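This report refers to the structure that appears directly beneath it.
Please treat every number below as a calculation from the coordinates, not as lab data. Predicted model only: the values in this text are computed from it and were never measured. Positions of Cβ are backbone-derived with ideal geometry, glycine not excepted, and every protein chain shown enters the neighbour counts.
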Amino acid sequence: MLKARVVTALFLVAGFLAVLFLLPAGAVALVFAIIAALAAWEWAGLLQAGKLARSVFGVFVLLSCLALSLQPATGFPLLWLIAAFFWLLVAPFWLARRWEPGCMGYPVGWLLLVPTWAALVDLYGRSPWLLLATMALAWVADTAAYFTGRACGRHKLAPAISPGKTWEGVAGAVVGVAAYGLLATPALPQFHGIGWPVLLGWLLLLTALGIVGDLFESLVKRQAGLKDSSQLLPGHGGILDRIDSQISTLPLVALGLYWAGP
């Protein structure tokens, strides 16, 4: 299992860097749309959908991405705004009450994935390095939370949803993200001129939202009786398992930069 996990991780990193820095912009947007479609196929599986329904939903998300790419200036900000409303106001109540997707499963899945695709495309268009640095924020948070939780985790964060997560892990994620942000943002011109208090507040919000996104996917998997969203990535589970924190943070970053101006 460890060997498969390491080999898959190396291929994922190499493939992602090749997409970011070797492909033309149109091809990058298409690759991101295909990833969103595969994640939609996984999401439909969590809803206990059959093979046909899973494929139809994946194709629907793919076509939605392609259609929205025709009007990014108007369509993308609206998507991010709706996603921000969901993650900031709806998702916390959803987790607290442990709602099941039910008939809202497909609209919610669409809302999770299509704004994320739009954020990927927009951040890449601004700078591949900006996209990479933004996604790395979630990776740093996950890594810091994991090792801190393993070392000194005592108080469970959400035992009914994800028993392995602890408040100590959350504290580790906050510290790790703050350190990463303070080191990385000087190299990103998009964040120049932002005061440290504002930047730290923004990093804290994104860390919290990343945890919410992680817990949200964990809840849906638990309700479906599944450990992983799929087996598309040997040793890592599925695409949703790897991007759960990105789904809840990338649209917020894209929206914030959109409001901040060019």
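The table that follows gives values for the structure above.
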| quantity | calculated |
| --- | --- |
| Global geometry of segment 11-138, whether rounded, prolate or oblate, following the gyration tensor of its Cα atoms and the 1.5 cut on a/c | prolate |
| Pairs of lysines in the chain (C-alpha under 20 Å apart; 8 or more residues apart or interchain) | 8 |
| Gyration tensor (alpha-carbon) shape descriptor, the chain, a/c threshold 1.5 | rounded |
| Estimated 222 nm signal from helices in the chain, with DSSP H stretches of n ≥ 4 weighted -39500 (n - 2.57), rounded to 500 | -26000 deg cm²/dmol |
| Pairwise centroid distance, computed over Cα atoms, of segment 88-146 with segment 1-73, Å | 14 Å |
| Relative packing of peptides 30-41, 128-139 - highest average C-beta neighbours within 10 Å first | 30-41, 128-139 |
| Most to least packed among 75-81, 241-247 [average Cβ atoms within 10 Å] | 241-247, 75-81 |
| Three-way shape label, segment 111-178, alpha-carbon gyration tensor, a/c 1.5 | oblate |
